[in-house]
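A short worksheet on the structure shown next.
The values are calculated or read from the model by the stated rules, or taken from the named source; none is laboratory data. The shown structure was predicted, so the numbers you read here are calculated from the model rather than taken from an experiment. Here the Cβ positions follow ideal geometry from the backbone for every residue, glycine too, while neighbour counts run over all protein chains shown.
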Amino acid sequence: PAVVAIGETGLDYHYDYSPRSAQRQAFEAQLRLAADHRRPIVIHGRDADADLAAVLGEWGRAVPALVLHSFSSGTAVFEAGMEVGAYFSFSGMITFRSWAHGDHVAACPAERLLLETDAPYLTPVPFRGRRNEPANVRYVAARAAELRGETPDAVAHQTTINTVRCFGPRLRSPNHSETNA
């Protein structure tokens, strides 16, 4: 089967499981792979805003699409992502009372907005504390719509278009060949 995208990859400084320099080296190798093979890349960033913003600035235009997965970073990463035309994918975290980045959901251009569940984690309200599943993306869409002043149907429609635009024709047919991609 053809590869649709590279990732999830990125920088996670929350846990001290591997040296930051090793994480950055592995991340840049995967960015190079995405650039060389013209594939989107799905990026994880946690407690690494300064380094992630720098990497986006260095590599952001080298790959066909960047997806900032389960986006919860601060303004520096949001602005760096905006500068390079990244997609911002929001998860069940946006339904949490403690979530502090509603302005990023509202400010994200419609054509750069994606939604996800990050199942089995980050279960949205009203099911928080239980195992998450893909069907719960409707709660993420409802909250995104509320934060954006739009309808859930409008958000669902736009994010479906964005998903196909980001990941391309590989999503349209499971029986394609690499030469048709």
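Structure data summary
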| item | result |
| --- | --- |
| The listed residue being at pLDDT 95 or above, of a type outside the set (A, V, I, L, M, F, W, C) and not in a helix (DSSP H, G or I), out of Arg143, Arg138, Arg130 | Arg130 |
| Residue within region 54-67 that is among the aliphatic types (A, V, I, L, M), in contact (Cβ under 8 Å) with a residue 40 or more places away in the chain and assigned to a helix (DSSP H, G or I) present | yes |
| Selected residue [at pLDDT 95 or above, surrounded by fewer than 16 Cβ atoms within 10 Å (Cβ to Cβ) and in contact with a strand residue (DSSP E or B) (Cβ under 9 Å, 6 or more places away or on another chain)] from Gly85, Gly45 | Gly85 |
| Only listed residue being closer than 14 Å to Cys108 by Cβ, crowded, with 22+ Cβ neighbours inside 10 Å and not hydroxyl-bearing (Ser, Thr, Tyr), chosen from Leu31, Leu56, Leu68 | Leu68 |
| Test: Leu122 is over 24 Å from Asp16 (Cβ atoms) and surrounded by 14 or more Cβ atoms within 10 Å (Cβ to Cβ) | no |
| Restricting region 88-99 to residues that are under 17 Å from Asp47 (Cβ atoms) and either of a type in the set (A, V, I, L, M, F, W, C) or more than 12 Å from the chain's Cα centre (by Cα) (or both), the residue that is modelled with the highest pLDDT | Met93 |
| Odd one out for Thr9 among (1) loosely packed, with under 11 Cβ neighbours inside 10 Å; (2) in contact with a strand residue (DSSP E or B) (Cβ under 8 Å, 6 or more places away or on another chain) | (1) |
| Residue in region 88-103 that is surrounded by the most Cβ atoms within 10 Å (Cβ to Cβ), counting only those that are among the small types (Gly, Ala, Ser) and assigned to a loop (DSSP other than H, G, I, E, B) | Ser91 |
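So that you can scan it fast, the table gives a plain yes or no per residue for (1) out of contact with any Leu (no Cβ under 9 Å at 6 or more places or on another chain); (2) over 19 Å from Leu68 (Cβ atoms); (3) not aromatic (Phe, Trp, Tyr):
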position	(1), (2), (3)
Arg97	yes, yes, yes
Asp103	no, no, yes
Asp118	yes, no, yes
Tyr139	yes, yes, no
Ala142	yes, yes, yes
Arg148	no, no, yes
Asp153	yes, yes, yes
His157	yes, yes, yes
Gly168	yes, no, yes
